[in-house]
1. What net charge is computed for the residues neighbouring residue 33, neighbours being all others with C-beta under 14 Å from the C-beta of residue 33, Lys and Arg scored +1, Asp and Glu -1?
2. Using per-residue counts of other Cβ atoms within 10 Å, averaged over each peptide, order 45-56, 23-34 from highest down.
3. Which whole-Hz ³J(HN,Hα) couplings does segment 37-44 yield from phi under the Karplus relation 6.51 cos²θ - 1.76 cosθ + 1.60, θ = phi - 60°, glycine and proline marked x?
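Every read-out reported here was derived from the displayed coordinates using simple, explicitly stated rules and does not represent laboratory data. If you're wondering where the values come from, they're calculated on a predicted model, not measured in any experiment. All Cβ positions, glycine included, derive from the backbone under ideal geometry; neighbour counts span all protein chains shown.
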Amino acid sequence: MRGLLSVIQRLKGFPEQELRIVLLGLDNAGKTTLLKCLASEEVSTITPTQGFNIKSIHSHGFKLNVWDIGGQRSIQLQTLGMKLEKRR
């Protein structure tokens, strides 16, 4: 996890800034495992994501809002489409 945080740290200019991250990937690629590791949660029993998971995580001076979107392409496109529509 230190690698991800070091990349974010280089991109971020101000302390305590909120960052939004979307995890996209193929089925069983480890998106939920990564999210649970970032949140310091148990990763021994993870089931396939139906839809999406959202977590706000405070770690190393960062506030990360992480979206874990299910690996099925139809779920990703539908979920992102809904969120982009709301931003307009």
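1. Surrounding charge for residue 33 is -1.
2. In descending order of packing, they fall as 23-34, 45-56.
3. Once rounded to whole Hz, the list reads 5, 4, 8, 6, 9, 5, 10, 6.
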